[in-house]
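Just so it is clear, none of the values below were taken in a lab; they were calculated from the coordinates. Keep in mind it's a predicted model, so treat the numbers as computed, not measured. Glycine also receives a Cβ, built like all others from the backbone with ideal geometry; neighbour counts cover every protein chain displayed.
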Amino acid sequence: MPDDLPLDAPVALVVHNADAGTDPVPRAEIEAVIRAAGIRTRYCAHGEDDLEGALASSFDLIVCAGGDGTLAHIASSLGNTERPIGVLPLGGSNNIAHALGVEGDWRDLPRQWSLSRWTKLDRCEADGPWGRHGFVEAVGAGSLTQSFEHVDDEPGTPSEKRSNGRKAFRTALEYAEPFPCRIEAGDWNWEGVCLMVEIMSIPYAGPRLRLAADGDPADGLFDIVLVRLEDRIEMLGWCEAPDDAPCPIETRRASMVKLSVNDRPLRLDDRSPDDRLSGVVTVRFRPQPVRILVPGECRTQEKA
């Protein structure tokens, strides 16, 4: 693709998930929008090209053109965290972008970026029966994890995808069988049976459910969302209109959590590393958060 931008224009590594969302956006359209904002591009196809190798190359910023999974992979893999990430939220839920205030038509975002205007996003890691894995959103087990298996895979729009996901979650919660769980979180320990447990780094999980009403994606604290058997009725009522009221579950907070679940698969973000395994998982924060560009006023690209 020809590039008529000046040589001193900032260079973006564009990490693109070509299958993201219900109406995937082609590479050419994404790169054209970015270049129209005065940013030169280098391309990396997420899931096909070597992401770690691309992140080790020379560039000024990363553009994540995809959904939560693509952004979490970039954030977890990035070595030099001083290089910021611009997010083009093309997925179905876009939980991370939504938590950081990155919203609106993706085509408008590149002109609103400034390399000096960013916010932090915590990165996390989990040691479990499948080894060590990075994550950004949450570690969980129970109803939400189960609901992922029963969602319509061919929705027409992002809002339809979220609606289908929420219906599947409500159904899973309604019929969920309790399971034993133990949580060790600083000076707070809990052991008993529950329907769902989520250790959350951002406020949202799944189909953009704000389970941690006061969650902060950059405060270095996990929000522990524990749904017990006696919480089922109240949670089912909330699920009818989850955007209209805070989640009724009171959360606990900790910077490190040890979670023990023996007969349910453990999920990291939106999938399990190995759904045949359960057991003990320890979650903590990594030392360096990443920088996410915050949209501001639109810039007009001046012609030479």
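Quick notes
- Note on the chain: helix-only mean residue ellipticity at 222 nm, from DSSP H runs of 4+ residues weighted -39500 (n - 2.57) and normalised by residue number, equals -5500 deg cm²/dmol.
- By other beta-carbon atoms within 10 Å, ranking Cys124, Cys44 with the fewest at the front produces Cys44, Cys124.
- Mean separation of Cα contacts under 8 Å (6+ apart) over length of the stretch 125-285, as relative contact order %: 30 percent
- Whole-Å distance, taken between Cα centres, linking the stretch 154-176 and the stretch 191-270: 17 Å
- Ranked by how many other Cβ atoms sit within 10 Å of their own Cβ, fewest first, the residues Tyr175, Tyr204, Tyr43 fall in the order Tyr175, Tyr43, Tyr204.
- Cβ-Cβ FRET estimate between Ser159 and Asp219, R0 fixed at 41 Å, reported to 0.05: 0.90
- DSSP-defined antiparallel bridges as percent of all bridges, the chain, nearest 5: 75 percent
- R0 of 22 Å, Cβ-Cβ distance Val193-Ser260: FRET efficiency to nearest 0.05: 0.95
- Working from label points 7 Å from Cα in the Cα-to-Cβ sense, the Glu82 to Ile233 distance is 5.8 nm.
- 13 Å Cα-Cα reach of Lys161 towards aspartates and glutamates, excluding residues that sit fewer than 8 places from it in its own chain: Asp23, Asp152, Asp153
- Across the chain, Cα pairs under 8 Å and at least six residues apart give a relative contact order of 22 percent.
- Debye, to nearest 20: dipole size of the stretch 125-285, +1 on Lys, Arg Cβ, -1 on Asp, Glu Cβ: 220 debye
- Spin-label zone in the stretch 2-37 - amide nitrogen under 14 Å from a point set 7 Å from the Cα of Arg107 along the C-beta vector: 25-26, 28-37
- Ranked for footprinting exposure by Cβ neighbours inside 10 Å, fewest first, Arg228, Arg210 give Arg228, Arg210.
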